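Let me begin by presenting the structure, written as structure tokens, before commenting on it.
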Amino acid sequence: MKRRDFFKLIGTGGAGAVLFPSIPSSVFAQSSAPAKWRSYRLSYEVALPSAGKVARLWLPLPDTNDTDYQFTQGSNWNGSATAGGFSVVPDTRFPMFHATWQGSGERTIKVSSIIKTADRSIDLRHYRAPASAAIPQAVKQYLKPSKQIPVDGIVKKTALAITEQAGAKTPLQQARAIYDWVIDNATFDNNLRGQGWGDVQNMLAKENLRGKCVDIHALFVGLARASGIPARQKYGIRINDSVLNKHLGKFGDVSRAQHCRAEFYLAGFGWVPVDPADVSEVMALDMLPRNHELIVQLREKLFGSWEMNWVAFNDGENVGLGKTSAVGKLPFFLYPHAEIDGRQQDSLEPETFSYKITSASLVGTGAKL
């Protein structure tokens, strides 16, 4: 049995700590209400098949770049790995866990993190676009295209059509027009495996806007970027029941509860949370029309807020896991990822992978991992 003690992935300067670049506080829009924090333990339990000579595992961990809606108090691990430890996803500031098993035998690991979350709500009623406000350098990267999310061609053409038809002139008006268009045109498809793939150009070219959260939010992000608005997806996992709707969260075994969300950036204000995919999900699973009172209310609420029964991992696109990974770049890092002798395991099948992810509610501070 191997074990590593409590480890917090922040820039403390202590031995073994991982240093992160500082992020200007000005890029975060302030929540409109005082934070009411809730504490959780999120745990992975993984048992890889014994076949093959070398097995490797990568796990996305709760974001350690603390915000006014989430902060991580630490992580630890124990298990049979030949080597393992905490680090960051290459070329990012986001945490991950990596383990290696050499030879045959038991391949088990448990990784636990302590997280606090607080519901996030942004008051946009008094926002006025400044006459001139520079976009911070750290935010400009979220205007760039990626393999899954181009910003030219049909994406640009669609974005222009949406904003022109709505008469949207300012970035806030344009973001709202795109948000509403996505809800009105995309359809949540519960029959898809996982949370989708987010291939925006393919969705628009084929006029097939069916998908899950990754697809729906990639659509929002691509259309926003094509309109000159910085936008990004935040990949994470639901860890508790929802007070908004029974379909929007669960507690306990959350092995299949991965969920991504979206944000867009307003100059002089900061990042604004949105979740059009949740509106689409409730419409589809409760079989409600778009003009139903509950959908109208949810549409308004989720333009500027996140219910934090969810934990953010990262916002990576086209993610490489390092030189020891043989499969190349992942479109995003949302699920546990494992390779045995260079062959990728099926991350969308927890039972055969096999892994289990659980959430537990904690009371008070100073909880033990």
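The values are calculated or read from the model by the stated rules, or taken from the named source; none is laboratory data. Since the model is a prediction, treat every value here as computed from it, not as a measurement. Cβ sites come from the backbone with ideal geometry, for glycine too, and all protein chains shown count toward neighbours. When the accessible area is computed, the model is the full protein with side chains, heavy atoms only, and any ligands, DNA or RNA have been set aside. Shrake-Rupley method; radii C 1.70, N 1.55, O 1.52, S 1.80 Å.
Before moving on, here are some points about what is shown:
- In the range 277-369, the trypsin sites (Lys or Arg not before Pro) that fall in loop regions by DSSP, at most 11 other Cβ within 10 Å: Lys323, Lys368
- Taking a ≥ b ≥ c as the square roots of the Cα gyration tensor eigenvalues, the range 171-261 comes out prolate, since a/c reaches at least 1.5 and a/b is larger than b/c.
- Most mobile listed residue (Pro62, Pro273, Pro49) in the chain, GNM with C-alpha springs under 10 Å: Pro49
- Förster radius 30 Å - calculated FRET efficiency between His292 and Leu348 (Cβ-Cβ, nearest 0.05): 0.45
- The GNM of the chain, with springs linking C-alpha atoms under 10 angstrom apart, assigns the highest mean-square fluctuation among Asn245, Asn291, Asn76 to Asn291.
- For the chain, the per residue solvent-accessible surface stands at 44 Å², with DNA, RNA and ligands left out and a 1.4 Å probe.
- Cross-link pairs Lys206/Lys234; Lys140/Lys169; Lys144/Lys323; Lys53/Lys323; Lys116/Lys356; Lys110/Lys329 - those with Cα-Cα distance over 23 Å: Lys206/Lys234; Lys144/Lys323; Lys110/Lys329
- For the chain, the share of accessible area belonging to carbon and sulfur comes to 51 percent (1.4 Å probe, ligands and nucleic acids excluded).
- The Cα atoms of the range 253-296 give a gyration tensor whose axes a ≥ b ≥ c have a/c of 1.5 or more with a/b no greater than b/c, which makes the shape oblate.
- Calculation over all alpha carbon pairs of the range 237-359 in 5 angstrom steps from 0 returns a P(r) of 2, 9, 16, 17, 17, 15, 11, 7, 3, 1, 0 percent.
- The chain - Rg (one decimal) and Dmax (whole number), Cα, Å: 20.4, 64
- Global form of the range 297-364, assessed from the alpha-carbon gyration tensor, a/c cut-off 1.5: prolate
- Gain on full extension, evaluated as 0.36 nm per residue between Arg256 and Gln102 minus their Cα-Cα distance, stands at 52.6 nm.
- Inter-site label distance for Ala284 and Asp341 at 7 Å from Cα along Cβ, in nm: 3.8
- Stokes-Einstein diffusion coefficient of the range 75-188, Kirkwood radius over Cα pairs, 20 °C, 1.002 mPa s, in µm²/s: 110
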